[in-house]
Amino acid sequence: MPHGFHDNILIVDLSKGTIDAIHPGGDFYRIYLGGSAVGSYFVLKGTVADTDSLSIRNVMVIAPGVATGAGISGVSRCCVTALSPLTNMVGDSQAGGSIGPMIKRAGLDAIVVKGRADRLSYLLVDGGRATINDASHLAGKTVTEAYDILTAEHGVKNTSVMQCGPAGERLVRFANIMADTSDAFGRAGLGAVMGSKNLRAVVVKGTGELNFANPEGMKELARIGAKRLPGSGFPETLKKYGTPGAVKFQAEAGNFATHNYSRGWHPDYLRLDGSTYEPNIGAGQVSCFGCVVGCRKKVAAESPHRITDRLGGPEFETLGMLGSNLDITDPVSVARANELCNNYGMDTITMGSIAGYLFECVERGLIKPNDLGMENAGFGDAEALFRIIEATARRDGIGDTIAEGFEAMIEKFGEQTRTFAVHVKGAGLAVHMPQVKPSQAIMYAACPIGPDHMSSEHDWLLASASEAGRGLGILGQEDNPSTSTNKVRMTVYSQFYYSLLDTLSLCMFCWGPGNLFTYRELEDLVNCATGWQMTFWELMKAGERRINMMRHINARRGYTRLHDVLPERLYNPLPDGPSQGRCVNRASFTRMMEEYYAFMGWDPQTGNPTAGKLLELGLECAL
Ligand code: SF4
């Protein structure tokens, strides 16, 4: 076996109450590496075309990367993969913190969860021993309450807890999995998958050693990251203000979704920028395991809302989707909404999209506040937002419909409200706007995990004409609005690279193009960990393989390019602000998508991987 892996994957069958281990061997790890690719493999093999995401037959995979836990910046992430109750496609999400390192230090490469327990349970992994335990005492508890109970029982030292929260328990389709109290596996509704399995939590205690081929090489990479942080640009900004430090420059580029995605800029955007509110409500920062960037900003406040510092501060996306997108620019109110979502375990992006839809429907007289169980509701109304979040998490009244997602609400409130539902395949759009960033139009439409802003590099890469682009084979220089063939090429190549990062469970803030580490150092990371001599070509192929596995899972479930569509609103010119007049151009978008499928080597009719492409990538297992 190569170094870095334990050759040990836990298979937990909750229906049978059994826990077994499999040892797939070196070739398996050379092909799939870890993280999301290992997750996709087990979902591909373990589910069939009509597997319901909330059924006993869904498979959920928790997988860190080969180097996870090494004490190098950005090497701490962990991935969860399963069929998504939100999109009905494959779902996949990453979180930092310490859950990934604890799994590796517990001697595991992945945990595969099948079936459904006959009562609320939690999985305890304590070094080499794993048990399924009764969790009835956790029923209905918030994330912090459940965390406190479990750590009182099992200690906090070398311990990490992941859990679905009460929203996941109640099968809210955009429920998150929370790791400890502030790391979120968001976007795909994977908390509801945990809930459907009656698996309230996974507690991992990891005290073992990691066995890397070249420990000195690993230490040198840790030193390089620390040395390079000063003057590093984006990572240095993240250290200072976290992702909220991006609000100012993104809003000034007109790339900050506002008023239910109908505008690209809010006049009060500065109130939401990290540099503005940090002196008032900033409460320090936390870092993921071993990372010198430490971008995870905490907040605390007493007024107008009491905010504890336990559940993490709002990130850039949350400041947009629960802030400007709803015309709420009081940072304490946004922090309160963020805290509520995190403590119930719900995705802030889709929650913000849904609230935007509801507020716009009220504004246009298509629904009444009374329909939401309130006297007043609308843009700028933070109290209404809090009530919507609480009702959804508890499935109270209208919350029971909201918890089912956009299509359920359109069915309830009428087809005339569809225009105001800004989503792709059920998942709300992130703050980064395809009207301003054409690469994201492609990704939001065609990404196999739904509209994800973290699945390829954004348009600046081609505009920068930097070595960060050239190292991926992206030559030339074109403005951000460009929709050229070169832009499509940039999107495809960087999608492979980002897919590789998710396969290795690396943080893009450190390992993304032009950030702390170089492409050559990424090769070094893998080879120092494993003792292999993987080339960048082989690594990029691993990224491409993961995307094709995911797209194939979706194809098997009936998805084709016909589903790769954007909300109509995105074709309307933005009315004001720095991105005034910008929109997705229908003709350009159509041409870009044709090129995208062609560049991916997919069937031009279906937009799905051909048998030849799957074979080229060594995916005989998919056929
Ligand atoms: S940059 Fe931020 S999110 Fe990434 S590993 Fe470091 S602390 Fe975690």
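The values are calculated or read from the model by the stated rules, or taken from the named source; none is laboratory data. Just so we're clear, the structure is a prediction, and the values are computed from it rather than from any experiment. Heads up, the Cβs are rebuilt from the backbone with ideal geometry, glycines too, and the neighbour counts pull from every protein chain shown. To get the accessible areas, we keep the full protein, side chains included, count just its heavy atoms, and leave off ligands, DNA and RNA. Shrake-Rupley method; radii C 1.70, N 1.55, O 1.52, S 1.80 Å.
Which residues, counting only those in region 200-250, are touching a Pro at 6+ places or on another chain (Cβ under 8 Å) and of a type in the set (A, V, I, L, M)?
A213, L229
Give me the pairs: first residue in region 252-265 and in the same structural domain as C361 (by TED's automatic domain parsing) and of a type in the set (S, T, Y), second residue modelled with pLDDT of 95 or more and open to solvent by 10 Å² or more (accessible area, probe 1.4 Å), beta-carbon distance under 7 Å, and six or more apart or on different chains, which are they?
Once the first residue is in the same structural domain as C361 (by TED's automatic domain parsing) and of a type in the set (S, T, Y) and sits in region 252-265, its partners that are modelled with pLDDT of 95 or more and open to solvent by 10 Å² or more (accessible area, probe 1.4 Å) give T258/W265; T258/H266; Y261/R569; S262/R569.
Out of (1) in a helix (DSSP H, G or I); (2) aliphatic (A, V, I, L, M); (3) over 23 Å from M490 (Cβ atoms), what's the single condition that is false for L570?
(3)
For region 257-308, which positions are within 16 Å of the ligand (Cβ to nearest atom), in contact with a Lys or Arg (Cβ under 7 Å, 6 or more places away or on another chain) and open to solvent by 50 Å² or more (accessible area, probe 1.4 Å)?
Q285, V286, S287, listed by residue number.
Cβ-Cβ under 7 Å, sequence separation 6+ or interchain: first residue in region 131-144 and under 20 Å from V113 (Cβ atoms), partner at pLDDT below 95. Which pairs?
These pairs meet every condition: V143/T181.
Every residue in region 238-251 that is within 16 Å of the ligand (Cβ to nearest atom) and either surrounded by 18 or more Cβ atoms within 10 Å (Cβ to Cβ) or touching a residue at least 40 places away in the same chain (Cβ under 8 Å) (or both), please. Step through it out loud before you land on a result.
Step one: filter region 238-251 for residues within 16 Å of the ligand (Cβ to nearest atom), giving 238-246.
L238, K239, Y241, G242, T243, P244, G245, A246 - these are the residues of region 238-251 that are within 16 Å of the ligand (Cβ to nearest atom) and either surrounded by 18 or more Cβ atoms within 10 Å (Cβ to Cβ) or touching a residue at least 40 places away in the same chain (Cβ under 8 Å) (or both).
Kindly provide the set of residues from region 501-518 that are open to solvent by 10 Å² or more (accessible area, probe 1.4 Å), within 11 Å of the ligand (Cβ to nearest atom) and closer than 18 Å to S466 by Cβ, ordered by number.
M508, F509, N515
Determine whether L199 is out of contact with any Cys (no Cβ under 9 Å at 6 or more places or on another chain) and touching a residue at least 12 places away in the same chain (Cβ under 8 Å). Please lay out each step first, then the result.
Working: out of contact with any Cys (no Cβ under 9 Å at 6 or more places or on another chain): no; touching a residue at least 12 places away in the same chain (Cβ under 8 Å): yes.
So L199 does not fit the description; no.
Tell me which residues, restricted to region 59-83, are under 23 Å from M549 (Cβ atoms) and open to solvent by 10 Å² or more (accessible area, probe 1.4 Å).
R77
Tally the residues that are within 28 Å of the chain's Cα centre (by Cα), part of a loop (DSSP other than H, G, I, E, B) and touching a residue at least 12 places away in the same chain (Cβ under 8 Å), restricting the search to region 213-232.
The qualifying residues number 2.
Cβ-Cβ below 7 Å, separation at least six or inter-chain, first residue in region 17-32 and on the phi < 0 side of the Ramachandran plot, second part of a helix (DSSP H, G or I): which pairs?
Y32/V38; Y32/Y41
Go through the residues of region 475-486 one by one and say whether even a single one is open to solvent by less than 10 Å² (accessible area, probe 1.4 Å) and out of contact with any strand residue (DSSP E or B) (no Cβ under 8 Å at 6 or more places or on another chain). If you could, list the steps in order and put the result at the bottom.
Step one: of region 475-486, the residues open to solvent by less than 10 Å² (accessible area, probe 1.4 Å) are none.
No, there is no match, as no residue in region 475-486 is open to solvent by less than 10 Å² (accessible area, probe 1.4 Å) and out of contact with any strand residue (DSSP E or B) (no Cβ under 8 Å at 6 or more places or on another chain).
Out of region 525-545, which residues are of a type outside the set (V, I, T) and open to solvent by 10 Å² or more (accessible area, probe 1.4 Å)? Working first, answer last.
Step one: list which residues in region 525-545 are of a type outside the set (V, I, T), which gives 525, 527-529, 531-534, 536-545.
Hits for region 525-545 are N527, C528, G531, W532, Q533, F536, W537, E538, M540, K541, E544, R545.
Report whether or not L506 is in the same structural domain as E616 (by TED's automatic domain parsing), part of a loop (DSSP other than H, G, I, E, B) and not β-branched (V, I, T).
Working: in the same structural domain as E616 (by TED's automatic domain parsing): yes; part of a loop (DSSP other than H, G, I, E, B): yes; not β-branched (V, I, T): yes.
In short, yes.
Which is in the same structural domain as M351 (by TED's automatic domain parsing) and touching a strand residue (DSSP E or B) at 6+ places or on another chain (Cβ under 8 Å), of F413, F406?
Details: F413 fails: touching a strand residue (DSSP E or B) at 6+ places or on another chain (Cβ under 8 Å).
Sole residue among the options that is in the same structural domain as M351 (by TED's automatic domain parsing) and touching a strand residue (DSSP E or B) at 6+ places or on another chain (Cβ under 8 Å): F406.
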